[in-house]
Each structure stands twice: as structure tokens, then as C-alpha cells.
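Okay, so here's the structure we're looking at.
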Amino acid sequence: MGRSNQRKRFSAGKLLIYLITSFWALTTLYPFIWVLLNSFKERRFIRSNSFSLPLGEAFTLDNYKVTFERFDIFPAYRNSIIISVSVMAVVIILAGLAAYALARYRFPGKSIIQALILASMMFPVFSTIIPVFRMMYNWGIANTESVALSLLSVILPQIAGNLSFAIIVLRGFIQSLPIDLEEAAYLEGCNIFGIFFRVILPLARPSFATVAIFSFLWSYNDLFTQLFFLRRKEAYSITLLLNEVNSQAGVNYGLLAAAVVLVVVPVVIVYIFLQKNIIKGMTAGAVKG
């Protein structure tokens, strides 16, 4: 009798959790669904009833056609991919090596370095953007005619901005790994880099996947840094192009909705296919053993 009551209470609790999470998911997804529906409607139908479905006379593909005709969507996608992939790759390598050193080795100043890494996460981007811009300008890679240098001027600050989070996540996971395999690899003749790439990387794959995904998405969505360093239209990223669409479209809500969908859809696709890696990587290092 006691067990049956416990099962009922457990089932009721799970039902309540599902209801709450479903409501939360609905409130989160609804704005995107609303934008997606309105991207297929003419402006007059959006003004009259923005909550109606794009059916019959209201349905149109003109918003997407105008967006592709008036704005350089594909070059902007290319620049965003170059920036985000570069940031992701460098962050994985540098943060992985730093996290491994902090997790496995003792050296003078280790506690100070760990404190500085934590402290660096407390400073918002806009508090350091002016000295960073001056540094990039003195290096000759900001405000230049070169598209490659303009992209590099965005990549470097984004790498620095993602390193602290990546090091903390990877360090916690590496500390949870048994050291026996590393000792065996050392006895077999592997050096530090051999142990890292042959032992740590395969074992910590979920955590590295999480860092890669978050670094890519944060870089892709970072409008603030790109506003400072990407001044030439040839170097515009997709989020910066959306900002230009917003300034030119005015009250053309259909065109704005189509531009938003074109920016958000790649991010949604990445998250849908890699969400298991994100959850697994964030929770894998929470339990040591």
C-alpha cells in the first residue's frame, strides 16, 4: 500500500514537472514561431492580424526574395562561419591545454591563475572594448581595408572572451577522470602532448563538444564586438547584416521577420542536433569518481 502511494506521488510529481517545463518551453518557442509565421505574410496582413496563420491570400515568399535580392546574405554567412569556426577551434586547443595543466600539475602561481580566470568572467565585454579596440588599432588590424584583417580583429577578442568559461568547464571534467590511463600512457613513452591528444581528448569528448558548441554559438551571436570592428560591408557577419536590415526595413515587419529567421535557423539546427552533447558535457564533470 505504501509503495503504491509512493508511486502515485512520484507520478504526480513527474506530471507537475512536465507541465511546468512544457509551459516554459512554450513561452520560449512562441516568439520564434510568431516570427516564422509572419515571415510568410505580407505587411498588411501582419498589421491587421499578426497572430493569424499564413494561409491563402496572406501567404507569400516575397519577404525572403527581397531579403536575398537587397542584402548579401551568403557572404555574410561565410564571414560568420569563418569567425565562429576559428574561435571554436582555437578555444578548444588553448582551453584544453590550459585546463589539463591546471587539473594535473602543480606549479608556482597556480592558485593566482585560477583566481584570475574566475575574475575575468566578472567583467562584461563593453567594459573592455575601448582598450581592446586601441590595441587592435595599434597592431594594424582594425579599421583596415583588408577583409581578412577585419575578421581577425573580431576573432581575437572573441577567443579571449570564451577562454575563461571553457577552461573552467574542461578543468572540472578532466579532474573527474581517473589518472591511471595517463600514467599508463606515460610509461608507454607518451609525452605531455601525446597524453593530452591520445587520452584526455577521447575521454573528455562530451565536455569538449560542449565548449565547442557554446563557443561557436556565442561567437555567431556576438553583435557588440562586430559593431566595433566590422566597418566594411564586405566583412559584415550575418548578425551585423540583420542590424542593417533592421535600420533599412523600418516598419516592413515581414522583411524583418524573414531576416530574423535566416539568422536564427542555423543556430536552431545546430542546437537540435547537438543538444545531447550540450547537456552531457555540462553535467558529466559534476560528479567525480
Contact list, first residue from segment 235-259 and in contact (Cβ under 8 Å) with a residue 60 or more places away in the chain, second anywhere and of a type in the set (Asp, Glu), beta-carbon distance below 8 Å, six or more apart or interchain, is TYR236/ASP72; TYR236/GLU244; THR239/ASP222; LEU241/ASP72; GLY254/GLU42; GLY254/ASP62
Is it the case that segment 124-131 has a residue that's surrounded by 10 or more Cβ atoms within 10 Å (Cβ to Cβ), in contact with a helix residue (DSSP H, G or I) (Cβ under 9 Å, 6 or more places away or on another chain) and not in a helix (DSSP H, G or I)?
yes
Filter segment 43-102 down to the residues that are surrounded by 15 or more Cβ atoms within 10 Å (Cβ to Cβ) and among the aromatic types (Phe, Trp, Tyr), then identify the one that is farthest from the chain's Cα centre (by Cα).
PHE45
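For segment 136-254, list the helices (runs of 4 or more DSSP H) that sit wholly inside it and hold at least 2 residues that are over 30 Å from ASP62 (Cα atoms) and modelled with pLDDT of 85 or more; which are they? It would help to see each step written out before you state the result.
Numbers: elements: 147-175, 180-187, 192-195, 205-221, 223-229, 238-249.
So the answer is 147-175, 180-187, 192-195, 205-221, 223-229.
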Considering each residue of segment 21-62, count those that are farther than 17 Å from VAL265 by Cα and not β-branched (Val, Ile, Thr), and give that number.
24
Name, by its number, the condition in (1) in contact with a helix residue (DSSP H, G or I) (Cβ under 8 Å, 6 or more places away or on another chain); (2) farther than 30 Å from PRO157 by Cβ; (3) at pLDDT 85 or above that does not hold for SER22.
(1)
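The values are calculated or read from the model by the stated rules, or taken from the named source; none is laboratory data. Please read these numbers as outputs of a predicted model, since none were measured by experiment. Virtual Cβ from ideal backbone geometry, glycine too; neighbours counted across all protein chains shown.
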